[in-house]
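Peer 1: Take a look at this one; I'll ask things after.
A short reminder: the numbers here are calculations on the coordinates, not readings from a lab. On a predicted model such as this, the values are computed, not experimentally measured, just so you know. All Cβ positions, even for glycine, are placed from backbone atoms using ideal geometry, and neighbour counts span all protein chains on display.
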Amino acid sequence: MSINLSKFGFIKRDTPRDINLDPLQTGGVLTPEARHALQEWGDEYSVCDYCGGALDEIKTPPIYDFVHKALPEFLGCDHVRITNGAREAKFAVMHSICKEGDWVVMDGNAHYSSLVAAQRARLNVKLVEKTPAPEYKITLEKYAQAIEEVKRETGRPPALALLTYPDGNYGNLADVKAISRLVHDNGIPFLVNGAYAIGRMPFNAKELGADFVAGSGHKSMSASGPIGVLGVSEEYAPIVLEKSKTHKTKEIELLGCTARGATIMTMIASFPAVYERARPENWQKEVENARWLSAQLENLGLRQMGDKPHNHDLMFFEAMPLYEISQKTDRYFLYREMKARSIHGIKPGLTKNFKISTFGVGREKLGIVADAFKEIIKKYNAC
Ligand SMILES: Cc1ncc(COP(=O)(O)O)c(C=O)c1O
């Protein structure tokens with residue numbers, strides 16, 4: 001035996017993160033209930049004790065009620081399924097709705113997983129141009145232009161349109177209702193990638209005009225991933241949720257079953273808390289916290305890009321004062337200083353541009369973050 005086993009086995013996660021600002025992580029922190037569920041349901045195909053053949057049909061534990069009653073109401077869609085992530089939800093839609101060689105229009109702020117999903121489904125992508133810095137907006141005019149370009153170049157409308165709402169770089173919330181009307185006026189089905197919305201903020205697929213929605217459990221629903229949600233309208237459910245001819249309970253795009261263990265049980269465990277936090281009044285507090293931190297950092301000479309005033313917890317900053325310090329010291333100084341204060345989330349080596357999320361951090365800890373930036377800038381500028 002030549003495998004060195006000493007480095008495997010239980011591994012402690014040693015990232016100091018009393019305060020976590022990592023946009024990938026803030027909405028995925030487990031609730032105490034989910035932490036408990038992880039232990040309880042971590043073994044084997046744990047949810048399959050009483051399975052009749054399809055994950056969403058399991059009555060004990062109450063996955064059926066969660067998938068067929070609670071989630072459709074929460075998302076405002078006719079049908080919901082659990083996937084292994086937002087990307088799998090997007091792929092399922094693209095693969096079932098489009099044919100090889102079709103065109104998908106997507107916003108220029110789309111996440112890489114939307115593009116890769118389209119590539120896996122062998123589709124062509126037309127990106128909607130975003131406005132220049134500092135706003136990086138997706139406008140209705142540019143969306144219409146991209147649709148027209150596809151029509152001109154291929155002789156027919158795109159097979160699908162996607163909007164990232166909000167996008168994962170700037171936290172911009174485009175005018176989704178107007179884009180949905182435009183898309184539908186052109187006879188195109190509309191997919192909203194709500195990976196940073198579903199589980200954080202009020203979200204209703206029907207009100208937004210989405211035929212399909214994709215959400216991410218580990219990103220925004222305090223679930224232990226990989227897990228996501230897929231919402232589909234009545235009109236498209238027969239296509240996206242088509243069942244296998246050979247295995248009559250199994251949905252083809254889901255490869256029969258998806259999250260069949262601790263992942264779904266942590267999502268269910270966190271759901272009551274997630275439902276509460278996404279209420280308009282609670283979300284409004286999150287937006288106010290984001291705006292407050294943005295104002296504090298701008299007072300220090302940083303510049304928040306994207307929508308202003310900002311409407312989401314994910315924010316992108318251009319930080320010239322920190323970049324200038326990095327030129328005198330080294331590019332890891334900010335990471336080191338933040339780590340020393342147990343503030344996690346700004347990637348090692350970044351100083352000039354970085355994104356952070358204030359979701360769930362709370363005003364008190366955000367005050368510590370603002371003070372940390374102030375102290376760091378003062379310390380290095382005094383040298
Ligand atoms: C905007 C956006 N969409 C989708 C994803 C992918 O989510 P998942 O990991 O659930 O596939 C991400 C992940 O960073 C994202 O930022």
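Peer 1: So which of LYS69/LYS285; LYS59/LYS245; LYS12/LYS379; LYS352/LYS379; LYS206/LYS308 end up more than 22 Å apart, counting from Cα to Cα? If you can, show how the numbers build up before the last one.
Peer 2: On the way: LYS69/LYS285 28 Å; LYS59/LYS245 24 Å; LYS12/LYS379 33 Å; LYS352/LYS379 18 Å; LYS206/LYS308 26 Å.
Table pairs above 22 Å Cα-Cα are LYS69/LYS285; LYS59/LYS245; LYS12/LYS379; LYS206/LYS308.
Peer 1: What is the Cα centroid distance between the stretch 53-103 and the stretch 114-166, reported in whole angstrom?
Peer 2: Cα centroid of the stretch 53-103 versus Cα centroid of the stretch 114-166: 24 Å apart.
Peer 1: For the stretch 324-375, run through the GluC sites (Glu not before Pro) and keep only the ones in DSSP coil with at most 15 other Cβ atoms within 10 Å of their Cβ. Mind dumping the intermediate values first?
Peer 2: Working: sites: GLU324, GLU337, GLU364, GLU375; in loops: none.
Here no GluC sites (Glu not before Pro) fit, given the DSSP loop and packing criteria.
Peer 1: So for each of 21-34, 290-303 I average, over its residues, the number of other beta carbons within 10 Å; can you give me the resulting order with the highest mean first? Don't jump to the answer; show the numbers that get you there.
Peer 2: Values: 21-34: 19.6, 290-303: 17.4.
Most protected by this proxy first, the peptides run 21-34, 290-303.
Peer 1: Considering only DSSP states other than H, G, I, E and B, which chymotrypsin sites (Phe, Trp or Tyr not before Pro) in the stretch 175-237 qualify as loop sites with at most 13 other Cβ atoms within 10 Å?
Peer 2: Values: sites: PHE190, TYR196, PHE203, PHE212, TYR236; in loops: TYR196, PHE203, TYR236.
The qualifying sites: there are none.
Peer 1: Counting only DSSP beta bridges with both residues in the chain, what percent are antiparallel, rounded to the nearest 5? Mind dumping the intermediate values first?
Peer 2: Details: 20 of 38 bridges.
Counting DSSP beta bridges with both partners in the chain, the antiparallel share is about 55 percent.
Peer 1: Using the C-alpha atoms of the stretch 42-277, what convex hull volume per residue, in cubic angstrom, is computed? Display every interim value, and only then the final one.
Peer 2: Numbers: hull volume 27.3 nm³, N = 236.
Spread over its residues, the Cα hull of the stretch 42-277 gives 116 Å³ apiece.
Peer 1: Something else: Using a cut-off of 25 Å between alpha-carbon atoms, which lysines can reach LYS151, once sequence neighbours fewer than 8 places away in the same chain are excluded?
Peer 2: Within the straight-line limit of under 25 Å, LYS151 reaches these lysines: LYS90, LYS99, LYS126, LYS130, LYS137, LYS142, LYS177.
Peer 1: Which of rounded, prolate, oblate describes the stretch 258-383, given a ≥ b ≥ c as roots of the alpha-carbon gyration tensor eigenvalues and a/c under 1.5 marking rounded, otherwise prolate only if a/b is larger than b/c?
Peer 2: Details: a/c = 2.48, a/b = 1.75, b/c = 1.41.
It is prolate, given that a/c is not under 1.5 and a/b is the larger ratio.
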